[in-house]
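Report on the structure given below.
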Amino acid sequence: MARQTGKRETRRTYVVLGDGQTEQYYLKHLKTLKGYKYTIRPSLFSSITIETAGSIIDEYLSGGCDQIIYFTDYDTIVNQNKIAEFEKLKGKYAETKEVFICETMPSIEFWFLLHFLKKTREFNNASQAISLLVKYMPRYSKGEVYLKKSKWVETLCSDGKMETACDYSSSILTEKEKGDKGSHFPYSKAHMAIDMFEKQVEASN
């Protein structure tokens, strides 16, 4: 029988997608450190956009993927005036339990910051969140030389920091959902993704 080509093998898997190098390395190290079972598609982290996300997600769905989690930074969406497109993307999968769109405002660095403190001041962009984060992680950098080493994620996972971040993140998201917050009010849904990863590990044991 001829070998099939051109089709991603996603049957019975969790796949994580994202729109940046930071997300790619974070999820790679997290998988190793926590024993999570998802599959990372590194090539997509440099090419996925709001415009292409839907077709990529649909391809994985058609392949029978059990869960697709798409990590994205909301400040990029706001600053590029892509809010309407993003809301359309979320609406498309609102009733699709296999798809979870995991956005953080302004960027994933806010999620990292929550490992150290709870903050609800508005951030206009990712740079402002990074400036605060480096007070707690002085060597933090978005350069690949730094990101490819696991030490920084080990720090985020140590001494109950992840559990703290999940608690803070959940509380802030609840506050946001109560309404009347500015477009730059910070929040993250990463705690919900972490919960999915943990439940997948429990189910496999």
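The values are calculated or read from the model by the stated rules, or taken from the named source; none is laboratory data. Given the structure is predicted, the values throughout are model-derived calculations rather than measurements. Neighbour counts are summed over all protein chains in view; Cβ atoms, including those assigned to glycine, are modelled from backbone coordinates with ideal geometry.
Taken over segment 65-85, the residue count meeting the criterion of being over 19 Å from the mean Cα position of the chain (by Cα), modelled with pLDDT of 90 or more and either part of a loop (DSSP other than H, G, I, E, B) or surrounded by 17 or more Cβ atoms within 10 Å (Cβ to Cβ) (or both) is 0. Output yes when any residue across segment 94-111 is free of Cβ contacts under 8 Å to residues at least 24 places away in the same chain and assigned to a helix (DSSP H, G or I), and no when none is. Checked against the condition, which is being free of Cβ contacts under 8 Å to residues at least 24 places away in the same chain and assigned to a helix (DSSP H, G or I), segment 94-111 yields no hits at all. With respect to the stated conditions, K181 is of a type outside the set (V, I, T) and either in contact with a His (Cβ under 9 Å, 6 or more places away or on another chain) or part of a loop (DSSP other than H, G, I, E, B) (or both). A single member of Y60, Y26 is closer than 14 Å to A193 by Cα, assigned to a helix (DSSP H, G or I) and in contact (Cβ under 8 Å) with a residue 12 or more places away in the chain, and it is Y26. With S141, S171 as the choices, which residue is within 19 Å of G20 (Cα to Cα) and not aliphatic (A, V, I, L, M)? After ruling out the rest, the residue left standing is S141. Test K178 against the stated conditions and say whether it is among the charged types (D, E, K, R) and surrounded by fewer than 13 Cβ atoms within 10 Å (Cβ to Cβ). Here the answer is yes, as K178 does meet what is asked.
K92 satisfies every condition listed in (1) under 23 Å from M162 (Cβ atoms); (2) of a type in the set (D, E, K, R); (3) modelled with pLDDT of 95 or more except (1). Note on segment 24-62: among residues that are in contact with an Asp or Glu (Cβ under 8 Å, 6 or more places away or on another chain), surrounded by fewer than 17 Cβ atoms within 10 Å (Cβ to Cβ) and at pLDDT below 90, the one that is farthest from E163 (Cα to Cα) is E51.
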